[in-house]
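Here the structure is laid out as structure tokens; the discussion comes afterwards.
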């Protein structure tokens, strides 16, 4: 029987072949952490997170908010002297944590992503009002009111859609998705 | 007249409809034909890639295959749509096995990906396909003295595609200068607006937006020009929330670069959908009024 891959091996395998060098190339220089505009909001900086993965600290990594706070700005990716696509690594970690159903309690990211994908598989297009409950319910009263106020201003300017858009060939679109995700998919 | 397939993306349908309309006006004025892709679907934003990579590539590949069917290169005005489509195209071209897998799904919609077209971003397209010189020659209402902040954001330039300059690009400045405006030297021009963090980590995103608005004010920019709906919405529509959160009093207008360019090209302001913004556009009113006088 083949040996079970280590956690760091699993994460490396999730990175698509064309997504830069493997994390083993990391020399812990910290350019990513120094570049990241949201590093100060993360519990582990990107550099530290890579260190944790390589040392197989699976529980710490899955309990971290780091990758859910990554905004996909790719600044770290273009600056990494070792050519590691760090933003893509963050995507891989998000997928891994969704797949395992393990993420830090209270994070909006995983819930929002799931709601978004389900919405697209239903209609083929994005419709913001459907998504609101996936995050507005986590807001405190002040945030909720501010968000409602912004939405109202946008509505008055005709910038929010009233009816959900959908693509024309929706049935064929759903059959297409079914060929990729046969169970629990769109139809 | 050079023709391209236009992938508007979900934002341009409503919340960024001024970007959609002004892009069409500017393209027409500069001799480019943009033909909207028939029955396009959502590019996937960032969410698909959080859930399943294969699904994300499939949904993006459907749009690429639609453009291939028309035999046209596809242009996306939204930076996020552009990034998703550009890299799906590149990855599928580099990995025939992956492409074949996805083609099996596309078959259900009578489509096929062969990797025969290119994906372009509107800003880059205007900067290279048309070029500043040609733009300048079409300008009838130069935006003289208007200090514009060229805000590239993230995904118009990143990730890196070839050996282009990802730290100090100048093509946005070149377009603004061609329109007669003064592009300011904006140190945060490539810094992130927070993107969808405004939803998933509101506090972090509002901090990023505050920092950008502060930097824009510091270099005395009268107006911020963007090339992405996410950037526009975060910087403009959430400006009031930034003010409430941090006790600031920002009132910096944020428009799409195509709206400014359209104004310089003499397109009537209403066709550029001015008036849908939440922050008043005082700095550009002299240029808009000039056009109104000309029309009268």
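Quick note: the coordinates plus some simple rules give every number you see, no bench work behind them. This one's a predicted model, so the numbers in the text were calculated from it and none came from an experiment. Heads up, the Cβs are rebuilt from the backbone with ideal geometry, glycines too, and the neighbour counts pull from every protein chain shown.
Taking a ≥ b ≥ c as the square roots of the eigenvalues of the Cα gyration tensor of the stretch A:7-100, is the shape rounded (a/c under 1.5), prolate (a/b larger than b/c) or oblate? Rounded shape, in that the Cα axes give a/c under 1.5. For chain A, the 222 nm mean residue ellipticity estimated from helices alone, with every DSSP H stretch of n ≥ 4 adding -39500 (n - 2.57) and the total spread over all residues, rounds to -15500 deg cm²/dmol.
If you take the beta carbon distance between residue B:292 and residue B:28 as r and set R0 to 22 Å, what does 1/(1 + (r/R0)^6) give as a FRET efficiency, to the nearest 0.05? My answer for the efficiency is 0.60.
Largest GNM mean-square fluctuation among B:229, B:159, B:132, using chain B with Cα springs under 10 Å: B:159. In the protein assembly as shown, what % of DSSP beta bridges are antiparallel (nearest 5)? Antiparallel bridges make up about 5 percent of those DSSP assigns within the protein assembly as shown.
Label-to-label distance for residue A:60 and residue A:122 is 4.1 nm, based on points extended 7 Å past Cα in the beta-carbon direction. If you plug the beta carbon distance of residue B:112 and residue A:130 into 1/(1 + (r/R0)^6) with R0 = 30 Å, you get a FRET efficiency near 0.45. Between residue A:162 and residue B:285, the simple spin-label model (points 7 angstrom out along Cα→Cβ) gives 3.0 nm.
Angle of helix A:109-123 to the longest C-alpha principal axis of chain A, folded into 0 to 90 degrees and rounded to 10: 50°. For the stretch B:26-150, the square roots a ≥ b ≥ c of the C-alpha gyration tensor eigenvalues yield an a/c of 1.5 or more together with a/b exceeding b/c, which makes the shape prolate.
Between residue B:90 and residue B:161, the simple label model (points 7 Å from Cα in the Cβ direction) yields a spacing of 0.9 nm.
If you run the Gaussian network model on chain B, springs between alpha carbon atoms under 10 Å, then out of B:197, B:176, B:64 the most flexible one is B:197. Between the helical axis of B:79-94 and the dominant principal axis of chain B, each derived from Cα atoms, what acute angle in degrees is found, rounded to the nearest 10? That works out to roughly 30 degrees. Per residue, chain B reaches -13500 deg cm²/dmol at 222 nm when only DSSP H runs of four or more residues are counted, each adding -39500 (n - 2.57). Taking a ≥ b ≥ c as the square roots of the eigenvalues of the Cα gyration tensor, the stretch A:109-180 is oblate, since a/c reaches 1.5 or more and a/b is not larger than b/c. If R0 equals 35 Å, the separation of the Cβ atoms of residue A:155 and residue A:43 corresponds to a calculated FRET efficiency of about 0.45. Among B:224, B:175, B:199, the residue with the largest mean-square fluctuation in a Gaussian network model of chain B, with springs joining Cα atoms closer than 10 Å, is B:199. The mean count of C-beta atoms from other chains within 10 Å of the C-beta of residues in B:276-282, rounded to a whole number, is 2.
Rounded to the nearest 10 degrees, the inclination of helix B:53-70 to the longest alpha-carbon principal axis of chain B is 80 degrees.
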